[in-house]
Amino acid sequence: MTFQKTPLFARNEAIGFIVLAALIFLILPALLDNFRLNLFGKYLTYAFVAVGLVLCWGAGGILSLGQGVFFGLGGYCMAMFLKLEASTPENTAIQSTPGIPDFMDWNQLSELPNWWGPFYSLPFTMLAVVMVPVIFAFIIGVAMFRRRVGGVYFAIITQAFAAILTILIIGQQGYTGGVNGITDLRTLNGWDIRTDEAKETLYYVNGLLLFVVLFVAHFVRKSKLGRILIAMRDQEDRVRFSGYDVASFKIFIFCLGAAFAGIGGAMFTLQVGFMSPTLVGIVPSIEMVIFCAVGGRLSIIGAVYGALLVNWAKTSFSESFPELWLFGLGGLFIAVVMLFPNGLAGIWSEQIMPHISRLWAARKGSKVKSVAAEKEGTV
């Protein structure tokens, strides 16, 4: 008995990747000025989280309402490196203790905490951006999934972790910057990240990293692991009775989603120039789930469009209707979920693609008939 190998990219999937690449790397840079392009660069950082949620929630059935925790951890790791680079003795000469971040000096700290020291190293910081969220996710996953905690209970617990981390960051103001976060970030290894040219470069780096994450997520979906995740989502007990270690699969995919979110958080810090606890708590975590739901929780490419659309709508509503923009954003979410349960990806696959396929088949059929008629005429 032989099995036919499934291609990694079907035709429709390859077209979807090509269209998204054209939008990110060609269309948006051609149409938008530097300010708007930087905004869309910020939106792309949220897409990292949305793609991870597609794997956790859409494929594995693990609804996490605390992805802002991992986004914030990655962002804070990068912000710590940038802040240390900006806090040289020359730049902080007016402080009572030169050479430490300004918020530490304001809170009367006289020396840099030991756990800040490793973040002088960029390689260590890049490793921490991924590993700190993964380690945190691993601890949560082992504690929850080994005890078969899932569904709404897991969602509520992750929400509680987001609230706890926010309170911890705000409370430890001397070590984390408190409610203001870590601000006044200037350079990355001597490269000024505040200029328009730097923002544009970071936008393209964002896009490239996002496609790396998309390819990894697509590979997972197409692999045997992806099929097991879908089986776990639909019939978890049957998968467990078949001999698979369900908890280990859940822990792995939850950690992978955390790694994606950590990378997005680090790129947010570089793109925007700060990191604060407002991006860690319950509200941003729920918004990240909205990005995934609007784009389609079963589609990794749809999640990217969902992040772009929701954040663009949020910016547009807040600019045009500052008092009503939250109602507009809520209405958008409710309308998409009620009318199109599978999100933007569902609209494409269920409403648009069938019409395109019929038109393509009709056109192909007409060409075949015309060729046959020509042959009959020559005969």
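The values are calculated or read from the model by the stated rules, or taken from the named source; none is laboratory data. Computed from a prediction, not measured in an experiment: that's the story for all the values here. As a convention, Cβ positions derive from the backbone with ideal geometry for all residues, glycine included, and neighbour counts pool all protein chains shown. Please note that ligands, DNA and RNA were not included when accessible areas were found on the heavy atoms of the full protein model with its side chains. Shrake-Rupley method; radii C 1.70, N 1.55, O 1.52, S 1.80 Å.
Within the chain, how many Lys pairs that are eight or more residues apart, or on different chains, come under 17 Å at the alpha-carbon? Each step should come with its number before you reach the end.
Details: Lys5/Lys222; Lys5/Lys224; Lys42/Lys199; Lys42/Lys314; Lys222/Lys250; Lys224/Lys250; Lys364/Lys375; Lys367/Lys375.
Count of close lysine pairs: 8.
Tell me, in nm to one decimal, what length is gained between Ala160 and Asn114 on full extension, where the rule is 0.36 nm per residue of separation less the Cα-Cα distance?
Values: separation 46, 0.36 × 46 = 16.56 nm, distance 2.84 nm.
Full extension of this stretch gives 13.7 nm more.
So, taking all protein chains as they sit and a 1.4 Å probe, how much accessible area belongs to Ile263, in Å² rounded to tens?
40 Å²
For a quick check of understanding: with a 1.4 angstrom probe and all protein chains in place, what accessible area in square angstrom does Asp196 have, to the nearest ten?
90 Å²
If you place +1 on the Cβ of every Lys and Arg and -1 on the Cβ of every Asp and Glu, how big does the dipole about the Cα centre of the chain come out, in debye to the nearest 20?
On the way: 27 positive and 22 negative charges, 410 e Å.
In total the dipole reaches around 1960 debye.
Based on the alpha-carbon gyration tensor of the stretch 4-58 and its eigenvalue square roots a ≥ b ≥ c, which shape applies: rounded if a/c is under 1.5, prolate if not and a/b is larger than b/c, or oblate?
On the way: a/c = 5.00, a/b = 1.56, b/c = 3.21.
Cα axes put the stretch 4-58 in the oblate bin.
Between Phe138 and Lys222, what length in nm is gained on full extension when 0.36 nm per residue of separation is reduced by their alpha carbon distance?
Values: separation 84, 0.36 × 84 = 30.24 nm, distance 2.36 nm.
Answer, rounded to one decimal: 27.9 nm.
Assuming 0.36 nm per residue, please report the length gained on full extension of the stretch Ala93 to Ala22 beyond their Cα-Cα distance. The partial results should precede the final answer.
Working: separation 71, 0.36 × 71 = 25.56 nm, distance 4.75 nm.
That pair, Ala93 and Ala22, stretches by 20.8 nm at full extension.
Scattering from the C-alpha atoms of the stretch 255-313 alone, worked out with Debye: what is log10 I(q)/I(0) at q = 0.12, 0.15, 0.21 1/Å?
Per q value, in the given order, log10 I(q)/I(0) is -0.30, -0.47, -0.94.
Please identify the DSSP H helices in the chain that span no less than 18 Å along the helix axis (Cα) and have a mean Kyte-Doolittle hydropathy of -0.5 or more. Don't jump to the answer; show the numbers that get you there.
Values: long enough: 34-53 (29 Å, 0.80); 67-86 (29 Å, 1.01); 122-145 (33 Å, 2.50); 151-171 (31 Å, 2.12); 196-222 (39 Å, 0.70); 246-272 (39 Å, 1.72); 282-295 (20 Å, 2.06); 300-320 (30 Å, 0.77); 325-339 (21 Å, 2.35); 353-378 (38 Å, -0.59).
Counting only whole DSSP H runs, the qualifying helices are 34-53, 67-86, 122-145, 151-171, 196-222, 246-272, 282-295, 300-320, 325-339.
With a 1.4 Å probe and all protein chains left in place, how much accessible area per residue does the chain have, in Å²? Intermediate results must be reported in sequence, preceding the final value.
Values: 19410 Å² over 379 residues.
Computed with neighbouring chains in place, this is 51 Å² per residue.
Count neighbours as other Cβ atoms within 10 Å of each site's Cβ, and list the GluC sites (Glu not before Pro) in the stretch 269-335 that are DSSP loop with at most 16 such neighbours.
Details: sites: Glu287, Glu319, Glu323; in loops: Glu323.
Here the sparse-neighbourhood loop sites are Glu323.
Can you pull the accessible area of Leu168 for me, 1.4 Å probe, Å² to the nearest 10?
About 100 Å², ignoring ligands and nucleic acids.
When the accessible area of the stretch 281-346 is computed with all protein chains present and a 1.4 Å probe, what percentage of it is carbon and sulfur? Provide the component values of the computation, followed by the final result.
Values: 2370 of 3140 Å².
Answer for the stretch 281-346 is 76 percent, counting heavy atoms of protein chains only.
Just reorder Thr201, Thr187 by solvent-accessible area, largest first, 1.4 Å probe, all chains present. Could the numbers behind the result be given before it?
Values: Thr201 65, Thr187 30 Å².
Descending accessible area places them as Thr201, Thr187.
Restricting to DSSP H runs of at least four residues, report the calculated mean residue ellipticity at 222 nm for the chain, -39500 (n - 2.57) per run over all residues, nearest 500 deg cm²/dmol.
Details: 17 runs with 262 residues, N = 379.
Value at 222 nm, helices only: -23000 deg cm²/dmol.
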